[in-house]
Amino acid sequence: MGKKKTNKLVVNLSDDEENEIKNEENIKKDDEKSEENNDNNDNNSDNSDDDDDDDGDNTEKVETKGKMVQRHKMEIKKLQQQIDKLNHAIPKKDKKAKSDLLEKTKKMEDDLKKKHQQELEQCEKLNKTTQSIEELNLEQQQLQQKQPSKAYLKKAQKLKQEEERMKQLEEDRKNHVSKGVIEMNDFLAKLKPLNKTVKFIPPDGDCLYQAITNQLLINKDINEEESKSYAKKLRTIASDYIKNNRDEFLPFIISEDEYSTAEDPIQEYCQEQVLTIGKWGGHIELKALSQSLKKVITIFNAYSNDIIIGEEFTNPIYLTYHRHAFTLGEHYNSAIPISN
């Protein structure tokens, strides 16, 4: 008899990624030796030194890409072991059970691959943000005694906010947010009588545009290929409408401190907020897109009245507005038919 076939997950690493993992392992060994030396020194130090060491130990370390890839390999190995156990538990002649297991294990593999891909993308974004901060720090050192300009201070503030946002997203990935789970359950209960459920949209700053793209795809306003880049196109559509209807949006834009004294608030807002990938959208962008797309947009809320924008139109778009999905606050998902 031939050997039983089992599902295998394979991780292909580039030379750079393998070198990075080796470097991480060498660094880890050096750190362990250093920690042993520190422990010996701590035994001869006084109480005040111990307190200082304790404070240093509380510093939280962010997972590097190399360690993340190592963790991914371990998770894949554990999943493969789980799949092997399930395979061995099925009688050899039970073809239906084998077929059901094959479908189940394929979903398990796909879900894990998707999770790993999202984590790697998140890590890349965090690395880019960190690099921008480092470049900004270098620029600040070069300025020395020079008085920083308003543009520089504004850039510094935005980069700092973006860094905090990316760190918070990483924290959300590690720690399950109970409020978000409760809110999601309330959403599901609210949408079920309407034969709808929540379609998860990644929290990458483009959630509003991605959620609307998902709705347009479901309604067959765009095809699968168009949907891959349509979120970016929606930003352009919203920006064009805001610029062409300045009087309608100007009072809302200048009410924000950041644009209250701008030379051209509309232009700056569109350039910095609407057209920039990763920048959240809100009521202003929803209004602009409703008018441009000729769609009535319904935004479901778990704990307050639903919001309807563009009631003069008939073609619907359904979104869900989450306050606790992530610790950063606001997030949009797509509300889709349960059959989907």
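Throughout, read-outs are computed from the coordinates displayed, never taken from laboratory work. This structure is a prediction, so every number in the text was calculated from the model and none was measured. Cβ placement follows ideal geometry from the backbone for every residue including glycine, while neighbour counts extend to all protein chains displayed.
Here the calculated FRET efficiency for A97 and S339, from their Cβ-Cβ distance with R0 = 22 Å, stands at 0.20, rounded to the nearest 0.05. Computed from backbone phi with θ = phi - 60° and the Karplus coefficients 6.51, -1.76 and 1.60, the 3J(HN,Hα) list for the stretch 187-204 is 5, 4, 5, 6, 7, 4, x, 8, 6, 10, 9, 9, 9, 5, 10, x, x, 10 Hz; x is used for glycine and proline. Given their separation in residues at 0.36 nm each and the Cα-Cα distance between them, N87 and N315 gain 77.2 nm when the chain is fully extended.
Taking N as the number of residues in the stretch 70-163, what is its Cα Rg relative to 2.2 N^0.38 Å?
1.99
Exposure proxy for T236, T130: other Cβ atoms within 10 Å of each Cβ, ordered fewest to most, give T236, T130. Along the Cα-to-C-beta direction of K104, a point sits 7 Å from the Cα; which residues of the stretch 66-86 have their amide N less than 17 Å from that point? Within reach of a label on K104: 79-86.
Over every Cα atom in the stretch 178-337, the radius of gyration and the widest Cα-Cα span, Dmax, amount to 15.7, 50 Å.
Remark on K199: its backbone amide H falls under 5 Å from those of S334, A335, I336, a criterion applied only to residues 5 or more positions apart or on other chains, H modelled at 1.01 Å from N. Residue by residue, the stretch 308-317 carries 3J(HN,Hα) couplings of 10, 10, x, 5, 6, 9, 10, 6, x, 10 Hz when phi is fed to the Karplus relation 6.51 cos²θ - 1.76 cosθ + 1.60 (θ = phi - 60°); x denotes Gly or Pro. Taken over the C-alpha atoms, the stretch 281-340 has Rg and Dmax values of 12.0, 35 angstrom.
With the simple spin-label model, which puts each label point 7 Å out from Cα in the Cβ direction, the L120 to E268 separation comes to 4.0 nm.
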